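Have a look at the structure below, then the notes.
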Amino acid sequence: MAIDSLITLTGEAWEDYGLVDSGNGRKLERYGRYHFIRPEPQAMWRPAQDNWQADGEFIGASDEDGGGRWHLKPYVPKDGWLLQWEDVCFLAQNTSFRHLAFFPDMAPQWAWMRERVTEDAEILNLFGYTGVGSLALAAKGGKVTHVDASKKSVASAKNNAELSGLMDKPIRWIVDDAVKFTAREVRRHRRYDGILMDPPKFGRGPAHEVWRLEENLSDLIDEAVKLLDQKSKFLVLTVYAVRMSALAIGELLSQATQHLGGCVEVGEMAIKEEARGLNLPTAIFARWKND
């Protein structure tokens, strides 16, 4: 199957989030009533304004693999504060991983999947994290299986479901290694109408299983596709490892889904800056659709 198109998927600001300005290797973002500065290597240009006013800043370590710490004003709530995207409510929080407990550039992917979710559609969210994507799909009638190796993340996802008034929705909350869970679902002959995968660059499962994106992604895609059939609607894969190519992951997905028909789109994800309308790249993606 040939890759159908190469696109840029751009996230726009909404009431509770916006990319205010960017440049000189940093970005200024609005999360509800608070503004934060974070490192951003892709922001190679000069910012629109030099004097940013913020409620906190993440100062990164010198190594490229992360590290660093937040420097926050004392009034920033340590336990988080409430945000909303469409009909989903969730807590934003300054995490030790430099992000705010959700990924705002995923909003266009959430919207795209919601257009393809029908009542009682079976959806699998691997590496589900704090559950904003799961709740966005459950709110549209999807029966969601939410999988993450972190008990803390799954607990946060359940809390977000309660904040959203969605605890009565048919969501399975699973603490498990994504690779092992997927393999078991294949053996059970389960099928899904849609799959969302947002794997990290590196991670450990609850039994200390090791996940390395470059080594394990191809096998996971092959297994996950076995859970789809010709009546399934989508598989969305997002990758935040900058050394990988959208065309490369697109070809992986294209080969794995060629027997299902449909088509594959690949490209970059970006967020539109409010100051000048620049597109700040954030991740790459590949998605299979069967409309």
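Suppose we filter LEU163, LEU235 for residues that are touching a Leu at 6+ places or on another chain (Cβ under 8 Å) and over 21 Å from ARG116 (Cβ atoms); which single one remains?
On the way: LEU235 fails: over 21 Å from ARG116 (Cβ atoms).
Exactly one of LEU163, LEU235 is touching a Leu at 6+ places or on another chain (Cβ under 8 Å) and over 21 Å from ARG116 (Cβ atoms), namely LEU163.
As a summary of the residue check, PRO77 satisfies the conditions (1) farther than 30 Å from ALA138 by Cα; (2) at pLDDT 95 or above; (3) assigned to a loop (DSSP other than H, G, I, E, B) except for the one numbered (1).
Here ILE59 fulfils each of the conditions (1) touching a His at 6+ places or on another chain (Cβ under 8 Å); (2) surrounded by 18 or more Cβ atoms within 10 Å (Cβ to Cβ) apart from (2). Here GLU215 fulfils each of the conditions (1) farther than 18 Å from LEU6 by Cα; (2) open to solvent by 10 Å² or more (accessible area, probe 1.4 Å); (3) modelled with pLDDT under 95; (4) not in a helix (DSSP H, G or I) apart from (4).
Taking each residue of region 268-291 that is more than 22 Å from GLU29 (Cα to Cα) and part of a strand (DSSP E or B) and looking for partners that are open to solvent by 50 Å² or more (accessible area, probe 1.4 Å) and not charged (D, E, K, R) with beta-carbon atoms closer than 8 Å, six or more apart or interchain, yields ALA286/LEU252.
Checked against the criteria, GLU162 does not count as open to solvent by less than 40 Å² (accessible area, probe 1.4 Å) and acidic (Asp, Glu).
So which residues in region 175-210 are more than 17 Å from the chain's Cα centre (by Cα), among the aromatic types (Phe, Trp, Tyr) and under 21 Å from SER156 (Cβ atoms), if there are any at all? Of everything in region 175-210, just one residue is more than 17 Å from the chain's Cα centre (by Cα), among the aromatic types (Phe, Trp, Tyr) and under 21 Å from SER156 (Cβ atoms), namely PHE181.
A single entry from LEU247, LEU217 fulfils the requirement of being of a type outside the set (Phe, Trp, Tyr) and in contact (Cβ under 8 Å) with a residue 60 or more places away in the chain: LEU247. Against the numbered list (1) among the hydroxyl-bearing types (Ser, Thr, Tyr); (2) in a loop (DSSP other than H, G, I, E, B); (3) under 30 Å from TRP14 (Cα atoms), TYR192 comes up short only at (3). Taking the listed residues THR118, THR95, the one that is hydroxyl-bearing (Ser, Thr, Tyr), within 24 Å of ARG204 (Cα to Cα) and either modelled with pLDDT of 95 or more or open to solvent by 20 Å² or more (accessible area, probe 1.4 Å) (or both) is THR95, with no other qualifying. Has region 41-55 got any residue that is more than 11 Å from LEU280 (Cβ to Cβ), surrounded by 13 or more Cβ atoms within 10 Å (Cβ to Cβ) and in contact with a His (Cβ under 6 Å, 6 or more places away or on another chain)? The answer is yes; a qualifying residue exists. Here ARG187 fulfils each of the conditions (1) more than 17 Å from MET113 (Cβ to Cβ); (2) modelled with pLDDT of 95 or more; (3) buried (at least 19 other Cβ atoms within 10 Å of the Cβ); (4) not aliphatic (A, V, I, L, M) apart from (3). Assess whether PHE181 counts as being within 27 Å of HIS208 (Cβ to Cβ) and open to solvent by 50 Å² or more (accessible area, probe 1.4 Å). No: the conditions fail for PHE181.
Residue by residue through region 195-204, note down the ones that are over 28 Å from ASP291 (Cα atoms) and either in contact (Cβ under 8 Å) with a residue 60 or more places away in the chain or not in a loop (DSSP other than H, G, I, E, B) (or both). Before you say what the answer is, go through the steps one by one.
Start the filter on region 195-204 by keeping residues that are over 28 Å from ASP291 (Cα atoms), which leaves 200-204.
Residues satisfying the conditions are PRO200, PHE202, GLY203, ARG204.
The values are calculated or read from the model by the stated rules, or taken from the named source; none is laboratory data. Predicted, not measured: the structure shown is a model, and the values here were computed from it. Using ideal geometry, Cβ is built from the backbone for each residue, glycine included, and neighbour counts are taken over all protein chains shown. In case anyone asks, the SASA skips ligands and DNA or RNA and just uses the protein heavy atoms, side chains included. Shrake-Rupley method; radii C 1.70, N 1.55, O 1.52, S 1.80 Å.
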